[in-house]
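First the structure, in the form of C-alpha cells, and then the observations on it.
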Amino acid sequence: MNTKMTRRSFIGAAGLAAATLAACGGSSSSGSSSSGAAGKVYWLNFKPEIDDLLQELASTYTEKTGVPVKVVTAASGSYSQTLTSEMDKSEAPTLFVIGNAAGVKEWGDYAMDLKGTAIEAEANTDAYNLYDASGKLVSQGYCYECYGIVANADLIQKAGHDIADIKDFESLKAVAEDIHKRASELGFDAFVATDMDDSSSWRVTGHLANLEYYYEEQDDGGWTECPASIKGTYMENYKNLYDLAINNSTQDPKSLATGGHDPATEFTDGKGAFFFTGSWDYTTLSEAQPNVKMLPYYCGVSGEEKAGLNCGTENCWAVNANASADDQQATIDFMVWLVSDPDASAKLVEQLGIMPFTNAAESTNGFLNDAADYTANGCYVMDWATNYQPNVDDYRAALVSALNKYNSDQSDKTWADVKTAFVDGWATQYQKANA
C-alpha cells in the first residue's frame, strides 16, 4: 500500500497488472437461472488479477444452470473507457462496477435499484453500499480492505497487560506509555517507526488523518462528494494518537523526517507492539508474529468503545437498469450464487480477502476477520472519508512538511502549522482542483 491508495478513481487502484480482454460462455442463447427465469449474464470486471478465477466460476455456473455467463475483464487503467464503449452496444454489460461517489454521479442512472433484491438480502452490512441522492441503492460492495492499529498480543502480555483491556484511547495510552517506559527492560518498544518519507508518510497523512475526517463527516451527516472546506473539529484527537505513536516509539521523532527505518521489519522482528497498517500486510506480519490483532483508531472521541476499523472499498456491483427483466434476474441469481455457494465464495474470498455477505466463506485474513467481528458486535465502521482529499499529492506534501517541523519541535506553534496544513490546506487544494 502506498501514498496513492486514496487516489483510486472509478476504475479502481492504479497499477493493477494489465489483462487482455477475455470472455467465456459467450453463447447468445437464453438459459434458465436457478430461480427459473430466462436470461443471461455479462459481467464487465475491473480486477484483472482475478480474471482467471472469474472465467472458471462463470463456466461452472453455466454448467450447473444452463445460464450463459460472459466475463470481460478490462485492461488495467482502461475500465472507464471500456465501460463507456460497452454500454453503447446492444448487448451491454448486465453487471458492472460503480465504485465511488463520482461513479454514482456518472453512472447511477444506468444502475437498477438493488433495494429489496436477493443480493441485498445476502449482505451482512450496508457499510460498503453506494446510494444516490434519492436513496436508490446504486451499487453494493462485494469485498473490502481495512486498516487500523495492529497489535502484537504476545508482546503486550509479556509487558504485563492484556490486549482485551484496550478498549479506548485511555487504555491504549496506558499500555503504550508503560511499554515505552520499560523498553530497555522488556527488549521492545510500544510503536514501531512512523517515517515521514514516501515509504510510510501515507500512514499518517492518509490513513491516520481519516479519523479526523470520519468524525467530522459524521457530524455533517455524511459526505457524498468532496467538501470545499473542513473544520478540523477532531484535530486534537488526531494529535492524541499521533503524539502517542511518535513519542512512544522505537525511533526518536526527530529522526523520522529522512526515513530509513522499516516499520514492517521492526514489527515482524518483535521490536514494537503496535503498528499503523492494514489488511494487505496480514500474511507477512502473522507469519512472523502469529498472535496479532487489529485495533481501531482509539483517539479520545466520546463513545469510541463502539468504534470499529477503517474499512472501505471501490469494489461495488451495479446491475444494468436498461437490461431486460430476465437478464437482471439472471444476473442477481448469479451474484447470489457467488456469495453463498460454499465452493464459489471460498474461491472468491481466497482472492478478495473477505466478502460482506452472511453466507460467504470465512476469510483467512485475520485483520479482515477482526473488522467483521467489530461489525458483528455492533461497532460502527469508520469509512474511508480520506478518499475525498483534494489534490492529494500536494495536500499531503504540505502536511508532511508541517509534521516534520512538529516532530523536531513539539510546540503549540508548530502544531498550529500542522492544523493550518491540515485544515486550510484542504480548502486551498480544493480551489486548485476545482478552478
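Quick note: the coordinates plus some simple rules give every number you see, no bench work behind them. Small disclaimer: the values here were computed from a predicted structure and weren't measured. Neighbour counts run over all protein chains shown; Cβ positions are idealised from the backbone, glycine included.
A simple spin-label model places pseudo-atoms 7 Å from Cα toward Cβ; at residue 185 and residue 220 they are separated by 4.7 nm. In a fully extended conformation the segment linking residue 86 and residue 231 would gain 48.0 nm over its present Cα-Cα distance, using 0.36 nm per residue.
DSSP beta bridges confined to the chain are antiparallel in about 70 percent of cases. As a length-normalised measure over Cα pairs under 8 Å and 6 or more apart, the relative contact order of the stretch 246-386 settles at 24 percent. Helical runs assigned H by DSSP (4 residues or longer) give the chain a calculated mean residue ellipticity at 222 nm of -11000 deg cm²/dmol, each run adding -39500 (n - 2.57) before division by the residue total.
Approximating the spin labels as points 7 Å out from Cα along Cα→Cβ, the residue 433-to-residue 252 distance works out to 3.7 nm. Computed from point charges on the beta carbon alone (+1 for Lys and Arg, -1 for Asp and Glu), the dipole magnitude for the stretch 90-188 about its Cα centre is near 220 Debye.
Taking Cα extents along the principal axes in Å as calculated from this structure, the corresponding entry among (1) 63, 41, 35; (2) 71, 50, 38; (3) 107, 52, 35 is (2).
The slack in the chain from residue 164 to residue 113, taken as 0.36 nm per residue of separation less the alpha-carbon distance, amounts to 14.2 nm.
Going by a ≥ b ≥ c, the root eigenvalues of the Cα gyration tensor, does the stretch 178-294 fall in the rounded group (a/c under 1.5), the prolate group (a/b larger than b/c) or the oblate group?
prolate
A full extension of the chain between residue 154 and residue 358 corresponds to an added length of 70.3 nm, given 0.36 nm per residue minus the alpha carbon distance. Of the Cα atoms belonging to the stretch 314-432, the radius of gyration and Dmax stand at 22.0, 66 Å.
What angle do you read, to the nearest 10 degrees and between 0 and 90, between the alpha-carbon axis of helix 325-340 and the longest principal axis of the chain? In the chain, helix 325-340 runs at an angle near 40 degrees to the longest axis.
Relative to the longest principal axis of the Cα atoms of the chain, the long axis of helix 169-181 lies at roughly 50 degrees. Relative to the dominant Cα principal axis of the chain, helix 392-408 is inclined by about 20°. Each other residue within a Cβ distance under 13 Å of residue 105 adds +1 if Lys or Arg and -1 if Asp or Glu, for a net charge of -3. With the contact rule set at Cα under 8 Å and sequence spacing of 6 or more, what percent relative contact order holds for the chain? Computed over the chain, the figure is 23 percent.
The residue among 94, 388, 310 whose Cα reaches farthest toward the positive pole of the charge dipole of the chain, with charges on the beta-carbon of Lys, Arg, Asp and Glu, is 388.
Model label sites at residue 177 and residue 287, defined 7 Å from Cα along the beta-carbon direction, differ in position by 3.8 nm.
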